[in-house]
Amino acid sequence: MASLSNDPTKRRKSRAASKESRRRLAAVFILLPPAVLIFTVFVVLPIFGAGYMSLFTYKGYGPLTDWQGVSNYVWLFTKRTLNTFFQPAVRNTTLLLATSIFIQLPLALLCALLIYKNSRLNSIFRLIFFLPFVLSEIATGLIWVYMLDGRNGVLAPLYERFLGGPYFLLDDKTWSFAAVLLALVWKYFGYHMIIYIAGLQGVPQELLESAQIDGASNWQSILYVKIPLISYALKLSLFFAILGSFQAFDLIIGLYGRSPPEEGQTLATFIYEWGLSRRQRYGIASAASIILFTISIVVGFTYQYFVMGEQSMFRRKQQS
Amino acid sequence: MSKNLGYFFKYAFLITLSIFVLLPIWATVMGGFKTLGGLRVNPMGLPGEIHFEFYGEILRSPETWRYALNSLNISFFTVLLVLIFASMAAYTFSHIKYAGKDFLFSYLLLGLMFPAAAAIVPIFVINNSFLNLFNTHWAVILPQVAFGLGGSVLFFRGFFEQLPYELFEAARVDGIGYVGFYFRFILPLSLPILATVGVITLVNSWNNFLIPLIMLGTDPSVHPWPLGLVNFRGEWSTDWNKILAFISVNLAPAVAFFLLAQRYIVAGLTGGAVKG
């Protein structure tokens, strides 16, 4: 790198090199610590803290004294908790994932393929589809609460006509989570579309032309040229969709309010409810935090190494 | 003929989807101009008679402006600190050779994967018991900065590596130090990436709900806007016209910002997606 190879004598070179490396180190010590420190204190230490706290019964103040061993974890896996909490949380996370994979991402890809070329009309459609991304999940949730409201909502006349009376989707124990899925697709399909469009615009025009000359149909050029060439964008957006579905929180609160019903819980809302909202049982919430953390990290790393492979953000080569 | 049919289906699909996206926003904005009765008879259309009083009430209420100012304060310092800390760290990764660099880079990248929800309980305890920050904006800003660093460092490093290396060598020969080079060359040359990362950080911070919910108590005078929305909904549970007006007032700056900074938002989201 920044070697001083044009120095005339070897001795001067080595002395200068050691001075140089001291300077380098000094610069690193000035520039790097703020980021590392704040990241350690507010991201990494809390995870260790959660691990430690999960072994105690803790009310949120005073020293940690009430050692419980793994009983908080055991409690999470007792039959009653499993039924009332894990089952809905796992079911809801699965639903979020499945909706992302089978509805949201295909819809985003379809839109991207339809409107990735630059034209005035296409950029208007892009703007419209992408617009909800900038709204907060809370505002999104509230807007959909209103849309779906059985008495005052936009869909109320439809309920009247087809169901013969007001219907409250968010109070429906079986179907209420459909509202979260609907709001999720509404808010985020445009975001994934934008990622795909950027990928598609990077596909070299010559490749598409030569595919056409070779007699490829539109479908063939989509399947064999466009999609393989944007595989990185597809994998990246799936990565964020997966991690996002494990952490769903704001949208749930937006739709259900501050205390979601059992059938609307996710891991994140469970942590909030048991740790900080009503029950103040920090040990239990910490144990659930550790479970959420472990799932995210295991899935995240597995995905980075086995799906992204050489394109993993941890492996991508430096250019210089 | 079949080509025309193709066009027909394409635009029928795109227009239907546009209605699906825009209708909720349209109904929300219009709803703020209607009375409760008007809302019930006519949820979708233009208001029969326009009522400005609900919007007026909300725009005159000091509460609304306090939420906006709190959001602005939190977002401003979050963006500022992310830009400074992330670009400084990224510069050491891109331009300076030292042991442990790759490890530290990967370490910061972990932030992209760590779920904030898993850290909230201990962050709450740390802020509360050790740093005495509970109920202050710093209790929100610092964790937001920490969770924003990973992605930002990745972006900055990518950009800094593209800068001509000869410039760095020439500056070194001229006796400009490492830290000096960061301030005098890297920062001024990085305005586009600073804008991009800044805009994405701003959107994330402005819309964040989880961290302020945990770190701020029930006193609404320190709450940012997303908390304000939930408070307002709790206060006026069934007065949907007021709630809709309040949501619309909240949407306005977000949409305006979206239209102005669209280019940077897109760049920030797709910067990593095209390479590979």
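Summary table below
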{"read-out": "Hey, B:ALA89 under 30 Å from B:GLN162 (Cα atoms) and under 24 Å from the mean Cα position of the chain (by Cα) or not", "value": "yes"}
{"read-out": "Qualifying residue in the stretch A:147-161 (condition: at pLDDT 90 or above and under 29 Å from B:LEU36 (Cβ atoms))", "value": "yes"}
{"read-out": "Residue within the stretch A:271-279 that is more than 23 Å from B:PHE114 (Cβ to Cβ), of a type in the set (Lys, Arg) and within 10 Å of chain B (Cβ to nearest Cβ) present", "value": "no"}
{"read-out": "Single residue of A:GLY150, A:GLY141, A:GLY164 found to be surrounded by 14 or more Cβ atoms within 10 Å (Cβ to Cβ), more than 22 Å from the chain's Cα centre (by Cα) and in the same structural domain as A:LEU238 (by TED's automatic domain parsing)", "value": "A:GLY150"}
{"read-out": "Residue selected from the stretch B:121-134 under the condition farther than 12 Å from B:ILE211 by Cβ and either modelled with pLDDT of 85 or more or part of a helix (DSSP H, G or I) (or both), by the criterion farthest from the other protein chains (Cβ to nearest Cβ)", "value": "B:PHE130"}
{"read-out": "Enumerated helices (runs of 4 or more DSSP H) restricted to the stretch A:56-145, each holding at least 2 residues that are away from every other protein chain (no Cβ under 12 Å)", "value": "A:71-76, A:87-99, A:105-115"}
{"read-out": "Search result, residues across the stretch A:146-164 that are within 8 Å of chain B (Cβ to nearest Cβ) and not in a loop (DSSP other than H, G, I, E, B)", "value": "A:TYR146, A:MET147, A:ALA156, A:PRO157"}
{"read-out": "Among residues of the stretch B:238-263, those that are more than 9 Å from every other protein chain (Cβ to nearest Cβ), surrounded by fewer than 20 Cβ atoms within 10 Å (Cβ to Cβ), of a type outside the set (A, V, I, L, M) and closer than 21 Å to B:ASN208 by Cβ, counted", "value": "1"}
{"read-out": "Any chance A:SER237 is in contact with a His (Cβ under 6 Å, 6 or more places away or on another chain) and either without any contact (Cβ under 8 Å) to a residue 12 or more places away in the chain or closer than 21 Å to B:PHE114 by Cα (or both)", "value": "yes"}
{"read-out": "Qualifying residue in the stretch A:181-189 (condition: part of a loop (DSSP other than H, G, I, E, B) and surrounded by fewer than 20 Cβ atoms within 10 Å (Cβ to Cβ))", "value": "no"}
{"read-out": "Residue list for the stretch A:27-44, filter: farther than 30 Å from A:ILE290 by Cβ and more than 8 Å from every other protein chain (Cβ to nearest Cβ)", "value": "A:PHE29"}
{"read-out": "Where a residue in the stretch B:127-147 is at negative phi and not assigned by TED's automatic domain parsing to the domain that holds B:VAL82 and its partner, wherever it lies, is surrounded by 19 or more Cβ atoms within 10 Å (Cβ to Cβ) and at pLDDT below 95, with Cβ under 7 Å and at least six apart", "value": "none"}
{"read-out": "Pairs with Cβ under 7 Å, 6+ apart, first in the stretch A:16-36 and over 13 Å from B:ALA90 (Cα atoms), second surrounded by 13 or more Cβ atoms within 10 Å (Cβ to Cβ) and among the acidic types (Asp, Glu)", "value": "A:ALA16/A:ASP7"}
{"read-out": "Some residue of the stretch B:135-154 being more than 27 Å from the chain's Cα centre (by Cα), surrounded by fewer than 23 Cβ atoms within 10 Å (Cβ to Cβ), more than 8 Å from every other protein chain (Cβ to nearest Cβ) and assigned to a helix (DSSP H, G or I)", "value": "no"}
{"read-out": "Unmet requirement for A:GLY215, which otherwise passes all of (1) assigned to a loop (DSSP other than H, G, I, E, B); (2) under 22 Å from A:ILE101 (Cβ atoms); (3) of a type in the set (Gly, Ala, Ser)", "value": "(2)"}
{"read-out": "Candidate set from the stretch A:231-266 (those that are in contact with an Asp or Glu (Cβ under 7 Å, 6 or more places away or on another chain) and surrounded by 20 or more Cβ atoms within 10 Å (Cβ to Cβ)); member that is farthest from the other protein chains (Cβ to nearest Cβ)", "value": "A:LEU251"}
{"read-out": "Unique residue being closer than 28 Å to B:ASN73 by Cβ, within 16 Å of the chain's Cα centre (by Cα), facing another protein chain (nearest Cβ under 8 Å) and of a type in the set (Gly, Ala, Ser) when the list is B:ALA195, B:ALA116", "value": "B:ALA116"}
{"read-out": "Residue ranges of helices (runs of 4 or more DSSP H) in the stretch B:34-120 with at least 3 members closer than 26 Å to B:PHE246 by Cβ and modelled with pLDDT of 95 or more", "value": "B:62-95"}
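The values are calculated or read from the model by the stated rules, or taken from the named source; none is laboratory data. Being a predicted model, the structure only gives us computed values, none of them experimental. Please note: Cβ atoms are built from the backbone with ideal geometry, for glycine as well, and neighbour counts cover all protein chains shown.
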